[in-house]
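Reading through the structure tokens given below for one structure.
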Amino acid sequence: MLIKTERLRIRRVRAEDWQSIKAIWESFNLSIYAQYDMPHNTDAADVRARIARWANAGSGIEHMFFAVCLGETVIGYIALNQRENGHEIGYCFHIDYHGKGYAKESHAALFTYLSGQGITRLTAGTALLNLPSVNLLKKLGFKQIGTEKVSFYHDDKGKEIVFDGGIFELIL
């Protein structure tokens with residue numbers, strides 16, 4: 001499967017994408033927004049194994065992992081996992097490609113494809129302080145349907161660092 005937009009190609013993740021995704025995670029880990037997400041392990045062996053699992057997910061709709069490519073360069077990925085009432089979506093783009101509209105362009109094209117596959121509901125979670133992610137979701141038509149307290153890290157005294165996460169929904 002291959003989706004083409006004006007500037008991008010979207011395809012299923014391949015095992016050989018591991019180095020590109022490792023670079024995406026390394027750039028993300030340096031971002032101020034990394035504090036609002038689970039840590040991304042960037043050990044080469046771990047990334048290679050994880051991306052191999054993504055590539056082996058097959059062509060079904062239970063777990064889907066898409067590479068977003070500019071030319072031959074993987075600049076980001078979009079992951080979807082089936083839940084009770086639809087699919088939960090996650091995404092990450094290399095920091096060098098932020099602010100250029102690639103995330104919005106790739107998501108919009110992928111949503112058209114997903115709708116054709118019978119997928120009708122998407123959910124996403126993001127920190128409410130992660131304004132670029134919140135703004136992307138809103139531009140894509142997601143509506144905030146709730147909030148939750150989230151924690152991925154502890155301070156130097158072992159106390160959880162808690163932030164407000166938004167729960168967003170899109171009906172395709």
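Here the simple spin-label model places points 7 Å from the Cα toward Cβ, and for GLU62 and GLU84 these points are separated by 1.9 nm.
When the P(r) is computed for the chain, the part past 24 Å accounts for 36% of the Cα-Cα pairs. To the nearest 500 deg cm²/dmol, what mean residue ellipticity at 222 nm is calculated for the chain from DSSP H runs of n ≥ 4 alone, each contributing -39,500 (n - 2.57), summed and divided by the residues? About -8500 deg cm²/dmol.
Among 149-161, 33-45, the peptide with the highest mean count of other Cβ atoms within 10 Å heads the list, and the full ranking is 33-45, 149-161.
Based on C-alpha pairs under 8 angstrom that are at least 6 apart in sequence, the chain has a relative contact order of 21 percent. Of LYS22/LYS100; LYS104/LYS159; LYS4/LYS143, which pairs sit farther than 25 Å apart, going by alpha carbon to alpha carbon? Pairs exceeding 25 Å: LYS104/LYS159; LYS4/LYS143. Between LYS4 and THR147, the modelled labels are 4.5 nm apart [label points 7 Å from Cα along Cα→Cβ]. Each part reduced to its alpha carbon centroid, region 115-172 and region 64-78 end up 21 Å apart.
Quick note: the coordinates plus some simple rules give every number you see, no bench work behind them. Quick caveat: nothing in here was measured; it's all calculated off a predicted structure. Here the Cβ is made from the backbone with ideal geometry for all residues, glycine too, and neighbour counts use every protein chain on show.
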